[in-house]
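Visitor: There's a structure below that I have some questions on.
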Amino acid sequence: MKNILFTVIVAFALTSCNDEQKSEFSAESLSAELTTLEGERIPFGDMLKNKRGETILIEVWASWCGDCVKAMPKIKDLQIEHPDVSYIFVSMDKNMEAWKSGIEKHELEGDHYWAPDGMQGEWGKATDIDWIPRYIIIDKTGNIATYRAIETDFDQINSTLKSLK
């Protein structure tokens, strides 16, 4: 009986801890649409194609997220240290007004998109967004260098950006 219980616990732990670092986005993620500041819809894949040849740091955030707000100074420090990186902010806010107000309040510089259906929506699920803030780094060739980083991973984020110069 102990062996069966142990096997079930190990199997659950292995399947529930998905810290997998992917090297490319799923087809579902690339085809999912995000909203621009102008209210237009754009597939995530097209957004990435527009940045081809650049190192990209994507921050997934929301104006209501305390951890996101606390991490904003660290993002601004990264922007100063790595001005050659393209910064993309994808908001999980519940409405467009909160999203736009958050951009203005926190003076976020970069490209801005909104996932109106949030973390449980099409893009959120396809990109495995299970926590915010979440950071994804894409290298100049379009491959994912870091798929899953959170607000406690700024040393890793900084060293990855340095290695991609």
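The values are calculated or read from the model by the stated rules, or taken from the named source; none is laboratory data. A quick note: this is a predicted structure, and the numbers were derived from the prediction, not measured. Reconstructed Cβ throughout: ideal geometry from the backbone, glycine too, with neighbour counts over all protein chains shown. All accessible areas refer to the heavy atoms of the entire protein, side chains included, with ligands and DNA or RNA removed. Shrake-Rupley method; radii C 1.70, N 1.55, O 1.52, S 1.80 Å.
Visitor: Mind checking which pairs have a first residue in region 37-65 that is over 12 Å from residue 88 (Cβ atoms) and of a type in the set (Ser, Thr, Tyr) and a second that is outside any helix (DSSP H, G or I) and open to solvent by less than 40 Å² (accessible area, probe 1.4 Å), Cβ under 8 Å, 6 or more apart or different chains?
Guide: From region 37-65, the pairs are 63/91; 63/93.
Visitor: Considering only residues that are among the hydrophobic types (A, V, I, L, M, F, W, C) and not in a helix (DSSP H, G or I), which ones fall in region 45-79?
Guide: Selection gives 56, 57, 58, 60, 61, 62, 64, 65.
Visitor: Of the residues that sit in region 1-26 and are hydrophobic (A, V, I, L, M, F, W, C) and assigned to a loop (DSSP other than H, G, I, E, B), which one is modelled with the highest pLDDT?
Guide: Checked region 1-26; the qualifying residue modelled with the highest pLDDT is 25.
Visitor: Any idea which residue in region 27-44 is nearest to the chain's Cα centre (by Cα), counting only those that are part of a loop (DSSP other than H, G, I, E, B) and surrounded by 13 or more Cβ atoms within 10 Å (Cβ to Cβ)?
Guide: Checked region 27-44; the qualifying residue nearest to the chain's Cα centre (by Cα) is 32.
Visitor: Restricting the search to region 80-96, which residues are in a helix (DSSP H, G or I) and either touching an Asp or Glu at 6+ places or on another chain (Cβ under 7 Å) or closer than 20 Å to residue 119 by Cα (or both)?
Guide: 96
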